[in-house]
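The values are calculated or read from the model by the stated rules, or taken from the named source; none is laboratory data. Computed from a predicted model, the values in this text were never measured in an experiment. Neighbour counts run over all protein chains shown; Cβ positions are idealised from the backbone, glycine included.
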Amino acid sequence: EALDLVKKTSKQIPESFYSNPRLLTSLLDALMKCGDVAHAESLFYSSKQKVLPMYGAMMKGLNHVFLL
């Protein structure tokens, strides 16, 4: 249910907002917490401006997913 909400919300975000590192970091964090690693990786790799918190969200999420 949470993953559906995250995906629904992400579809409502205008394309231009994906250049906002804070928004993208939050979205990556939410996707990783829901276990949607593939979607999070896709967004991460397609991001033109990667900032340190984005790497942190990905690493924390991967750690969480693979250590469960």
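Worth pointing out:
- Condition met for LEU27 (surrounded by 13 or more Cβ atoms within 10 Å (Cβ to Cβ) and within 10 Å of the chain's Cα centre (by Cα)): yes
- Residues located in the range 1-45, provided they are among the aliphatic types (A, V, I, L, M) and in a loop (DSSP other than H, G, I, E, B): ILE13
- Restricting the first member to the range 29-49 and to residues that are within 20 Å of GLU15 (Cβ to Cβ), and the second to residues that are among the β-branched types (Val, Ile, Thr), the beta-carbon pairs closer than 9 Å and six or more apart or on different chains are ALA30/VAL6; ALA30/THR9; LEU31/VAL6; LEU31/VAL37; ASP36/VAL6; HIS39/VAL6.
- Qualifying residue in the range 52-67 (condition: outside any helix (DSSP H, G or I), out of contact with any Lys or Arg (no Cβ under 9 Å at 6 or more places or on another chain), over 20 Å from LEU5 (Cβ atoms) and at pLDDT below 90): yes
- Residue in the range 10-21 that is modelled with the highest pLDDT, counting only those that are in contact with a helix residue (DSSP H, G or I) (Cβ under 8 Å, 6 or more places away or on another chain) and not aliphatic (A, V, I, L, M): PRO21
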